[in-house]
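To keep things clear, I will list the structure first and then write my remarks on it.
Every number in this text was worked out from the coordinates using simple rules, so none of it is lab data. Not measured: the values here are computed from a predicted model. As a convention, Cβ positions derive from the backbone with ideal geometry for all residues, glycine included, and neighbour counts pool all protein chains shown.
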Amino acid sequence: MMHVLVVEDDELSLDIMTRWLKRHGYHNVDSAADGDTGLEACLRDPPDVLILDHAMPGHSGLAIAEYLCVNYKREQRPWIVLFTAAADAMISRLMATGHFDDLLRKPCVTEDYVAALARANAGLRERRRSLDIADRGAATSGLFLARGF
């Protein structure tokens, strides 16, 4: 079952996202209302999919994504989704960092969530296939092979 972590400081957006995920069969959903709590949750119980607001108290979404990208191989980290209402120029700068796998623009409609989760499933399958090819015979549980902050 896919584990999803949503890190969002806007209470209404966080509630809508987590309720939508649970209503559509994603029962292993955790949430955090600020960047520090989100990073701690991510390191303690690594998700398969990490949905990050870009501007929030504590660590920003970009800081969390950057930390994961610097400290973990691509095959070891979650599928990272930028969740934002930022202007196009800001979104372009954030996506250009290469730290995000996908983008969800606020406000979202059902089709946006469905498409983003389908892309996450496909991306995670490809990453796991790459990991299996690189490490034949070694069993791993979860995407993180090493932890620490």
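Taking the range 27-36, which residues are within 19 Å of Asp48 (Cβ to Cβ) and under 14 Å from the mean Cα position of the chain (by Cα)?
Initial filter on the range 27-36 (within 19 Å of Asp48 (Cβ to Cβ)): 27-32.
Once the filter is applied, which keeps residues that are within 19 Å of Asp48 (Cβ to Cβ) and under 14 Å from the mean Cα position of the chain (by Cα), the range 27-36 yields Asn28, Val29, Asp30, Ser31, Ala32.
Can you pull out every residue in the range 16-46 that is in a helix (DSSP H, G or I), touching a residue at least 60 places away in the same chain (Cβ under 8 Å) and touching a Ser or Thr at 6+ places or on another chain (Cβ under 9 Å)?
Within the range 16-46, Met17, Trp20 meet the criteria.
With respect to the numbered conditions (1) under 16 Å from Ala120 (Cα atoms); (2) surrounded by fewer than 18 Cβ atoms within 10 Å (Cβ to Cβ); (3) in contact with a strand residue (DSSP E or B) (Cβ under 9 Å, 6 or more places away or on another chain), which one is the sole condition not fulfilled by Arg74?
(3)
Tell me which of these Arg125 doesn't satisfy, since it passes every other one: (1) closer than 21 Å to Met1 by Cα; (2) touching a residue at least 12 places away in the same chain (Cβ under 8 Å); (3) basic (Lys, Arg).
Arg125 satisfies every listed condition except (2).
With (1) over 22 Å from Arg125 (Cα atoms); (2) exposed (fewer than 14 other Cβ atoms within 10 Å of the Cβ); (3) within 14 Å of the chain's Cα centre (by Cα); (4) not β-branched (Val, Ile, Thr) as the list, and Gly98 as the residue in question, which single condition is left unmet?
(1)
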